[in-house]
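Mind looking over this structure? Questions follow.
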Amino acid sequence: MNSLSKKLAGAALSALLLATCPSAHAAREVGGVRFEDQLTLADQALVLNGVGMRVKMIIKVYAVGLYVPRRDASAASVLNQSGPKSVRIVMLRNVSAEQLADSLVTGIEDNASKAEQAVLRKRLDVLQATMMKVGEAQKGSVIQLDYVPGQGTHITLGGKALGQDIAGEDFYRALLKIWLGERPSDNALKRDLLGVS
């Protein structure tokens, strides 16, 4: 094997190893926001399932990354994965607390039956009250919606907890349906978060 063939073979092997090695995945960037490929929540490593941007009309509202225990391109599979999960939202413009709270609650209601909404109602009220504490989500603010088994949905703004945890895995699943449900806030964003676009 000549020198050029050896170099080409070496380069091909390196590329193959990078493509197949899970730890070789690099951070992803969307809307100028960098999302690390992994994060740790409740002592468990989570992987970045997908990233995308919420665009309303032509306005870029936020960049978002979805972290789960195992990558999956099926919305149903992601929604039913057990264990911790995290949605990391980075604001790309200023949004009032009222707009933020209303969009989250409406997104959940759009993907829940009347019976499901009745079961979730008190917790939706807690979510709305929690998000109203934001005042205004400034451009660059990081909102994290984490699910920790046994504790519930933990919401932070800039790393600081907002309100009390909201109980129930069913609640977090309803929250994820804002982006992954049958009537998501944005179909293109749904595909991005599932890594299929």
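The values are calculated or read from the model by the stated rules, or taken from the named source; none is laboratory data. Remember, predicted model here, so these are calculated numbers, not experimental data. Every residue, glycine as well, gets a Cβ built from its backbone with ideal geometry; the counts of neighbours run over all protein chains shown. Side chains are part of the model used for accessible areas, which takes the heavy atoms of the whole protein and leaves out ligands, DNA and RNA. Shrake-Rupley method; radii C 1.70, N 1.55, O 1.52, S 1.80 Å.
Between ALA76 and ASN94, 0.36 nm times their residue separation minus their Cα-Cα distance comes to what?
Gain in length upon complete extension: 3.3 nm.
Find the Cα radius of gyration of the stretch 54-197, compare it with 2.2 N^0.38 Å by division, and give the number to two decimals.
0.97
Right, another one. Using a Gaussian network model of the chain whose springs link C-alpha atoms within less than 10 Å, name the residue from LYS122, LYS85, LYS177 with the highest mean-square fluctuation.
Evaluated over the chain, the most mobile residue of the options is LYS122.
Taking only protein heavy atoms and a 1.4 Å probe, what accessible area per residue, in Å², does the chain have with all protein chains in place? List each step's numbers first, then the result.
Details: 10360 Å² over 197 residues.
Each residue of the chain exposes 53 Å² on average to a 1.4 Å probe.
Dipole size in debye (nearest 20) for the chain around its Cα centre, Lys and Arg Cβ +1, Asp and Glu Cβ -1? Show your work: numbers first, answer last.
On the way: 24 positive and 19 negative charges, 108 e Å.
Roughly 520 debye, rounded to the nearest 20.
In addition: Using a 10 angstrom cutoff on alpha carbons, build the Gaussian network for the chain and name the most mobile of GLY168, GLY135, GLY52.
Residue with maximal mean-square fluctuation among GLY168, GLY135, GLY52: GLY135.
ARG191 versus LYS160, label points 7 Å from Cα toward the beta carbon: distance in nm?
A separation of 4.0 nm, rounded to one decimal place.
What translational diffusion coefficient, in µm²/s and rounded to a whole number, does the Stokes-Einstein relation yield for the stretch 90-153 at 10 °C and a viscosity of 1.306 mPa s, taking the hydrodynamic radius as the Kirkwood radius over Cα pairs? Write out the running numbers ahead of the final one.
Numbers: Rh = 12.8 Å.
After rounding, the answer is 124 µm²/s.
Select from ASP125, ASP72, ASP37 the residue whose mean-square fluctuation is largest in a Gaussian network model of the chain (Cα-Cα springs shorter than 10 Å).
Evaluated over the chain, the most mobile residue of the options is ASP125.
Given DSSP loops and a limit of at most 14 other Cβ atoms within 10 Å, what is the longest stretch of the chain that contains no such GluC sites (Glu not before Pro)?
No qualifying site falls inside 37-181, the longest such stretch.
Could you tell me what percent of the accessible area of the chain is made up of carbon and sulfur, with a 1.4 Å probe and every protein chain present? Each step should come with its number before you reach the end.
Numbers: 5550 of 10360 Å².
About 54 percent, which is the carbon plus sulfur part of the accessible surface.
What's the tally of Lys pairs in the chain whose alpha-carbon atoms lie under 17 angstrom apart, where the two lysines are 8 or more places apart or on different chains?
11
Can you pull the accessible area of MET131 for me, 1.4 Å probe, Å² to the nearest 10?
0
Further question: I'd like the FRET efficiency for ARG34 and THR106, computed as 1/(1 + (r/R0)^6) with the beta carbon distance as r and R0 of 41 Å, rounded to 0.05.
On the way: r = 29 Å, r/R0 = 0.71.
The calculated FRET efficiency here is 0.90.
Further question: Run the numbers for LYS122 and VAL47: contour at 0.36 nm per residue of separation, minus the present Cα-Cα distance, in nm.
Values: separation 75, 0.36 × 75 = 27.00 nm, distance 3.12 nm.
Difference between extended and current length: 23.9 nm.
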